[in-house]
Every structure is written in C-alpha cells, then in structure tokens.
1. Tell me the carbon and sulfur percent of the accessible area for segment 168-292, rounded to whole percent, probe radius 1.4 Å.
2. Take the alpha-carbon positions of segment 106-193, form their convex hull, and give its projected area averaged over all directions (one quarter of the hull surface) in nm².
3. Name the long-range amide H neighbours of residue 75: under 5 Å, sequence gap of 5 or more, or other chain; modelled H, no Pro or chain starts.
4. Loop only by DSSP, 11 or fewer other Cβ within 10 Å of the Cβ. Give me the trypsin sites (Lys or Arg not before Pro) in segment 162-236 that pass, ordered by residue number.
5. Per residue, how much accessible area does the chain have with a 1.4 Å probe, in Å²?
6. Using heavy-atom solvent-accessible surface (probe 1.4 Å) with all chains present, what is the largest-first order of 154, 52, 196?
7. Can you tell me the FRET efficiency between residue 196 and residue 39 if r is taken as the Cβ-Cβ distance and R0 is 30 Å, rounded to the nearest 0.05?
8. Any idea what % of Cα-Cα pairs in segment 32-103 are farther than 17 Å?
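The values are calculated or read from the model by the stated rules, or taken from the named source; none is laboratory data. All figures in this text were calculated on a predicted structure; none of them were measured in a lab. Note that each Cβ is placed from the backbone with ideal geometry, even for glycine, and that neighbours are counted across all protein chains shown. Calculation scope for accessible area: heavy atoms of the full protein, side chains included, ligands and nucleic acids excluded. Shrake-Rupley method; radii C 1.70, N 1.55, O 1.52, S 1.80 Å.
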Amino acid sequence: MAQNEETVLSILTNDWGDEEQHKIHEIVSTTSEGFLFVHGRKLYYSTWGTGSEALVVLPGNLGVGEMDFVQLVKNVPQGVLLVTFHIRGCGQSKPPSRIYPFDFYQRDADDCANIMEQLGFKHYSVLGWCSGGVTAMILTASNPQNVKNLILLSSQSYITKEDINRYGNMDDISRFNPLILRDLIAAHGDMEAAQSAWSSYRKTFFELFYRGGDLCQSKLTMIQCPTAVLHGQDDILVPSFHGQYLHDNIKRSHLYMIDDGRHALQHQFPAKLQRLIQSLLIDGVFMPWDDL
C-alpha cells in the first residue's frame, strides 16, 4: 500500500469516533430550526442550547455542522447558544447540489454572516474545523465588528505541494471509513452526489494551489479578536506547521499544539473542547490545555 493511501486510511479510520458518537436526534433536539433565504438560496439553520453567548459552527467539507460536531450539540457548554447551518448544496440546504467555485470560501463566509444577521446576532463567536476554519477566518476578517472570538481546529490558510501530494489518492469515497461515508451520503443525498461533491472540491483545491495556494493567508492580519488555534501534532491531513503559521500571523492568538492530537480534535477531545469554549466565551480566558 502506498504511503499516501496508508495515511488516508489511518485518518479516516482513527479520527471519526464511533457509532454511538454519531447518534444525534435520538438524544437531543434543536432549540430552534428553520430556513432562511440567503443570497437567493434557501439555507437550513438550527440552534442548540439556551445561553446568551452565540457561537456559530462552520463544518468541514461534510457541510453539516451538527454532524461534524455531534458531541458539541449533545453537550452545549453552559451559557452558550450554538448555531449550526447546512452550507449551500449540503444537507437540507439543497437543491441544487454542492459545487465548489474558486470563491466558495468567501461565498460560505458571506452566507454565514447573513444568517447570523437575520437571526438577530450582532455579536457572536465563530468555530471552524478543517476547511470550515478557512471560512471562519474569512468571516472573522471581513466582519471584525461582529466577531468576538475565533476558535480554529486543524485549519490552514495556504496550500503546499505536500498538501497536494497528500490529497492525491483521496479520490474514491467508497474507501472512506463507513461512518464518514454514511455522513457524506446523508449530507449529499446519495453515493453519486457525494462522490461528485468530493471530486469537485478536490479539483478546486488543486486549482487553488496552482493559482498561488492562498486560501485566506492574506487575511490573517485582519483578524482582530482573541483566537484559539488548536492543532494536533499527529494531524497527518493538515500537518502541525499550518497551526504554527496561524499562531505566528494572527495577532491575538493562543496556540494549543496538542502532543497526541489527530485531525478530528472535536471527536478526540470533546470534553476539553467544551470547556475551552466555555472558558473563552464566558470567562474570557485561554485555559491551559492540561487544565481543561
């Protein structure tokens, strides 16, 4: 088995939790949910918890916040109101199906800002994981008057040749971990649509690299709010140098470089993430990782 293939299978096997972790609606229900018309599209949103500090969650490529952060919606930190939504083309925010134009990160950030405005949140915090972290950084840089805190999990701001090589054999979703595959199919409707969306993303990712590789690198200095950067030393999909770069270039950032952390930190350390969110949003402090 090629090294890249072994790497991919390791990520998809070890980082996605288990069957019990992915049961959502059997255990909890939303505080509110509905549809909003956003830039000409009908997008689905939901809220969880009853706190006064709003935190909007930006998922990875799956596109459905409560799937990527199932443990968080099941255990919303005290004092926090969690807002999730299905990004355009995913989950209940379709049809039409998900596509990835070159500006899709900016498009998703603009959608999120509009949703929060329509829901009446003038000030809120933002949490983004993986590619959702890119959207979260663009949203924060573009709306400094609205975003109070930023939390980034396993995120990157630019693409390297190493990143391109890593994605080289990640084309066939049928080889993914069954839990990930199940969620992808649920988010996109069927196997064909899920494969089409993933292939579209990979194509755009490669093209962005050949256009210079800037995902949101040029916007990092525009981020003004307190920012928690969480990254695993053992993340082999988005290596740790990406997290270090974010910390070095976001002025008010605090770096949590986690020794045994992998890519899906929200599945690996759900309780610590919940306490970190509460300490930052409610208490206004970056708690040491070992104390969380």
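1. That fraction is 49 percent.
2. So the Cα hull casts an average projection of 7.2 nm².
3. HN-HN under 5 Å from residue 75: empty list.
4. Values: sites: 166, 175, 182, 202, 203, 211, 219; in loops: 211.
Counting only loop positions with at most 11 other Cβ atoms within 10 Å, the trypsin sites (Lys or Arg not before Pro) in segment 162-236 are 211.
5. Working: 11930 Å² over 292 residues.
About 41 Å² of surface per residue is accessible.
6. 52, 196, 154
7. Efficiency, from the Cβ-Cβ distance: 0.85.
8. 44
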